[in-house]
1. Checking Arg82 against (1) closer than 25 Å to Phe103 by Cα; (2) assigned to a loop (DSSP other than H, G, I, E, B); (3) modelled with pLDDT of 90 or more, which single condition isn't satisfied?
2. Scan the range 43-57 residue by residue and report those that are part of a loop (DSSP other than H, G, I, E, B) and within 14 Å of Ala25 (Cβ to Cβ).
3. Taking the residues in the range 1-21 that are assigned to a strand (DSSP E or B) and open to solvent by less than 20 Å² (accessible area, probe 1.4 Å) as candidates, determine which candidate is nearest to Asn70 (Cα to Cα).
4. How about the range 10-21: which of its residues are at pLDDT 95 or above and β-branched (Val, Ile, Thr)?
5. Suppose we keep only residues that are within 14 Å of the chain's Cα centre (by Cα), crowded, with 19+ Cβ neighbours inside 10 Å and at pLDDT below 85 within the range 22-79. Which one would you say is farthest from Val102 (Cα to Cα)?
6. Of the numbered conditions (1) more than 24 Å from Val89 (Cβ to Cβ); (2) in contact with a helix residue (DSSP H, G or I) (Cβ under 7 Å, 6 or more places away or on another chain), Gln54 fails exactly one; give the number of that condition.
Amino acid sequence: AHIFRINGLQILAIHGDNGNKDAKALYDTEISLLGEKLDLILRGHFHSFHVNSQNNGAYVITTGSLFGGNPYSEKVVRSNSRASQTLIVVGERQIESIKNVVF
């Protein structure tokens, strides 16, 4: 896990598949452990794209995989998605856009 700030936003990046799959529970756990508000949690390794907004305007974003589906994703997470990445435009103290880019 890694915490960083961009344009006044506090962002946590995590690997993803070892954490809680429920976005709200994941968000609540992480802010409880850190003792401060997060504006964005980025997680990967789910081989699918999801955006979950939280009550305070924060987001939990699950990004896809650059290589798409593979035997692991098909058997373990039951996903055969196409290759994708997530584009996030961060403005001054706000997230302006979140887009799933499929290859």
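1. Just one mismatch for Arg82, condition (3).
2. The initial filter retains those residues of the range 43-57 that are part of a loop (DSSP other than H, G, I, E, B), namely 44-49, 54-57.
Gln54, Asn55 - these are the residues of the range 43-57 that are part of a loop (DSSP other than H, G, I, E, B) and within 14 Å of Ala25 (Cβ to Cβ).
3. To start, the set of residues in the range 1-21 that are assigned to a strand (DSSP E or B) comprises 2-6, 9-14.
Still in the running and open to solvent by less than 20 Å² (accessible area, probe 1.4 Å): 9-12.
Values: Leu9: 34, Gln10: 33, Ile11: 29, Leu12: 27 Å.
If we take residues in the range 1-21 being assigned to a strand (DSSP E or B) and open to solvent by less than 20 Å² (accessible area, probe 1.4 Å), then Leu12 is nearest to Asn70 (Cα to Cα).
4. Hit for the range 10-21 is Ile11, nothing else.
5. Only one residue tops the list, namely His47.
6. (1)
The values are calculated or read from the model by the stated rules, or taken from the named source; none is laboratory data. None of these values were measured; they are calculated from a predicted model. Heads up, the Cβs are rebuilt from the backbone with ideal geometry, glycines too, and the neighbour counts pull from every protein chain shown. For the accessible areas, the whole protein counts, side chains as well, though only heavy atoms, and no ligand, DNA or RNA atoms are used. Shrake-Rupley method; radii C 1.70, N 1.55, O 1.52, S 1.80 Å.
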